[in-house]
Amino acid sequence: ERNDEGRDPRNEETDFRNSDQNDLYIYPWTSKNDFVQACDVENGCLGMGGGHEFAWIVQDNFSVGATGSSSTFDSPPLATNVDGRFNIVDFEVYGFRTTKHQITD
């Protein structure tokens, strides 16, 4: 099933941030470009988004990261410090999968 823009909503990428007030902001893929995900194993980098800057990128074996304005998601920098750089204390990745059938207990 496709949405009004012809994209399959089950395969869309999103970016998100949580504010100090525990508000969750979700930035869906804009389709302005194809800079959704980037992975450079040789340099130890993993990132999402692009256009002007990465929405987020982690580097140096997941010890540091940076964030900036991304036209891929129309998202502002996801961290509030001046230069968008941050140290990573803990890194968790979650995946979600939709199913056609309802799961019951």
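Filter the range 29-52 down to the residues that are in a loop (DSSP other than H, G, I, E, B) and open to solvent by 80 Å² or more (accessible area, probe 1.4 Å) and list them by number. Outline the logic, then answer.
Applying the first criterion (in a loop (DSSP other than H, G, I, E, B)) to the range 29-52 yields 29-36, 41-44, 49-52.
Across the range 29-52, the qualifying residues are Lys32, Asp34, Phe35, Val41, Glu42, Asn43, His52.
Within the range 78-92, residues that are at negative phi sit with their Cβ atoms under 7 Å from residues that are charged (D, E, K, R), at 6+ positions apart or across chains, in these pairs: Leu78/Arg17.
Just so you know, in the range 60-76 the residues that are among the polar types (S, T, N, Q) and in contact with a Gly (Cβ under 6 Å, 6 or more places away or on another chain) include one that is most open to solvent (accessible area, probe 1.4 Å), and it is Asn61. State which residue pairs qualify: first residue over 14 Å from Asp40 (Cβ atoms) and inside the range 50-67, second residue open to solvent by less than 20 Å² (accessible area, probe 1.4 Å) and among the acidic types (Asp, Glu) in any location, beta carbons under 6 Å apart, and separation of 6 or more residues or different chains. Every condition considered, the pairs that remain are Ala55/Asp15.
Residues in the range 53-72 that are part of a loop (DSSP other than H, G, I, E, B) and touching an Asp or Glu at 6+ places or on another chain (Cβ under 7 Å): 3 in all.
The values are calculated or read from the model by the stated rules, or taken from the named source; none is laboratory data. On a predicted model such as this, the values are computed, not experimentally measured, just so you know. All Cβ positions, glycine included, derive from the backbone under ideal geometry; neighbour counts span all protein chains shown. The protein model used for the area step is the full one, side chains on, heavy atoms only, and it has no ligands, DNA or RNA in it. Shrake-Rupley method; radii C 1.70, N 1.55, O 1.52, S 1.80 Å.
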